[in-house]
Amino acid sequence: MPVIHLLSQSTIDKIAAGEVVERPLSVVKELTENAIDAGADAITVEIKEGGISLIRVTDNGCGIEKDQVKKAFLRHATSKITSIDDLNFVKSLGFRGEALSSIAAVAQVEVITKTEADITGVRYAISGGAEEELEEIGAPKGTTFLVRNLFFNTPVRKKFLKQPQTEGSYVSDMMEHLALSHPEIAIKFVQNGQIKFHTSGNGNLKEVIYRIYGRDIERALIPFEFNAEHFKVSGFIGKPEINRSNRNFETYFVNGRYVKNDIITKAVEEGYRAYLMQHKFPFFVFHFMMEPDMIDVNVHPAKMEIRLIQGNTLYEQLSQSVQKCLKEIELIPDVV
Ligand code: ADP
Ligand code: MG
């Protein structure tokens, strides 16, 4: 008979971490979500080698109380829910209280944090789940996480990572989406020592688009707004002169979340059809506000795909309003 034995805590943690931390992108996602939950209105993200050797996330949010810092890294440690009933009310997606413990299980992590009320901050280091040190340190209000050498203690997982450039491009895409979904937060993204973009946090979506995509794109934007009975949408759509050759510039958020949905994609493309050459796709950034009962919540929260209830109505209304918007303006490219 095989002998049954219990796995060590560190093995259990590493296995559990696999569900949360798949690649540098997941770390950046969790840490920026925490920063937003902490009420930050400025967030800086820096990565090196695609985030594999270094991820640094700095926010000016509420900070973590000194005596809570260690606790924050325990599995199922969260300040966001206390019981299963709260799950219905939390807005944040990262409510599992597993992010920090998972990240710390598979990387070398350092956090520097200070609350408004405290005079000094604290620095805490934890590596591969093992506590290293806790010390008082001068720091501004807010929190900085440093995550070094992801998967240093799980070589097999590390092998599954793609090239740093590819991992970096995943993070970069996510950072763009983060900035576009939060024009009210000043977001700075630094890759291998180079500032990729820096938004002002003044709430102006058009300005965020300019900061990310540049002047030529910004000049060719048409404001788009539509209020239907069950949803609202606002944002910008590109003039045909900036049509793209892939779908990477079809960006939309539903209730603040970056998602993918066939009905939305097809509806906008259909509305745009008269101005699309073959194999070309429109540029657009849309924010949808939908009543919660329009979205099928049974789809896994970590997945980007969402299912819409009453999708047909939305398809009709959205494609028609896009078409109308384009018809109303003069679509002849500016001759410079
Ligand atoms: P969750 O976000 O699901 O609560 P995490 O493991 O991501 O779990 O974080 C644990 C706790 O640590 C949070 O509930 C929060 O209290 C605290 N925390 C994490 N990141 C920050 C941050 N950037 N600013 C303030 N508090 C934070
Ligand atoms: Mg979290």
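The values are calculated or read from the model by the stated rules, or taken from the named source; none is laboratory data. Just so you know, these numbers come straight off a predicted model, no measurement behind them. For neighbour counting, all protein chains shown are included, and Cβ atoms are generated from backbone atoms with ideal geometry for every residue, glycine included. Note: areas computed on protein heavy atoms with side chains; ligands, DNA, RNA excluded. Shrake-Rupley method; radii C 1.70, N 1.55, O 1.52, S 1.80 Å.
So, in the range 115-151, of the ones that are part of a strand (DSSP E or B) and of a type in the set (Lys, Arg), which residue ends up least open to solvent (accessible area, probe 1.4 Å)? In this case the residue turns out to be Arg123.
Looking at the range 152-176 only, could you name the residues that are surrounded by 17 or more Cβ atoms within 10 Å (Cβ to Cβ) and under 18 Å from Arg56 (Cα atoms)?
Quick first cut of the range 152-176, residues surrounded by 17 or more Cβ atoms within 10 Å (Cβ to Cβ) only: 153-154, 157, 161, 164, 167-168, 170-172, 174-176.
Of everything in the range 152-176, those that are surrounded by 17 or more Cβ atoms within 10 Å (Cβ to Cβ) and under 18 Å from Arg56 (Cα atoms) turn out to be Pro164, Glu167, Gly168, Tyr170, Val171, Ser172, Met174, Met175, Glu176.
Give the residues of the range 97-111 that are over 19 Å from Thr11 (Cβ atoms) and buried (at least 21 other Cβ atoms within 10 Å of the Cβ), sorted by residue number.
First pass over the range 97-111, keeping only residues over 19 Å from Thr11 (Cβ atoms): 97, 99, 110-111.
Selection gives Ala99, Val111.
The set of residues in the range 9-26 that are among the β-branched types (Val, Ile, Thr) and either away from ligand 2 (no atom under 14 Å from the Cβ) or open to solvent by 10 Å² or more (accessible area, probe 1.4 Å) (or both) comprises Thr11, Ile12, Ile15, Val20.
Scanning the range 27-47 for residues that are of a type in the set (Val, Ile, Thr) and open to solvent by 40 Å² or more (accessible area, probe 1.4 Å), we see that the one that is farthest from Ser101 (Cα to Cα) is Thr44.
Of the candidates Ile103, Ile112, Ile187, the single residue that is in a strand (DSSP E or B) and within 26 Å of Ala17 (Cβ to Cβ) is Ile112.
Among the residues of the range 27-77 satisfying the criterion of being part of a strand (DSSP E or B) and over 16 Å from Thr199 (Cβ atoms), which is farthest from ligand 2 (Cβ to nearest atom)? Here the answer is Lys48.
One residue alone among Gly94, Gly61, Gly50 is buried (at least 17 other Cβ atoms within 10 Å of the Cβ), within 19 Å of Gly256 (Cβ to Cβ) and modelled with pLDDT of 90 or more, and that residue is Gly61. Does the range 53-67 contain any residue that is under 14 Å from Ile187 (Cβ atoms), in contact with a Gly (Cβ under 9 Å, 6 or more places away or on another chain) and of a type in the set (A, V, I, L, M)? No, the range 53-67 contains no residue that is under 14 Å from Ile187 (Cβ atoms), in contact with a Gly (Cβ under 9 Å, 6 or more places away or on another chain) and of a type in the set (A, V, I, L, M).
Within the range 242-255, if we keep just the residues that are surrounded by 14 or more Cβ atoms within 10 Å (Cβ to Cβ) and either among the acidic types (Asp, Glu) or assigned to a loop (DSSP other than H, G, I, E, B) (or both), the residue that is nearest to the chain's Cα centre (by Cα) turns out to be Asn255.
Being in contact (Cβ under 8 Å) with a residue 40 or more places away in the chain and either surrounded by 15 or more Cβ atoms within 10 Å (Cβ to Cβ) or of a type in the set (D, E, K, R) (or both) is the filter here; which residues of the range 193-209 pass it?
The initial filter retains those residues of the range 193-209 that are in contact (Cβ under 8 Å) with a residue 40 or more places away in the chain, namely 193, 201, 205, 209.
Hits for the range 193-209 are Gly201, Leu205, Ile209.
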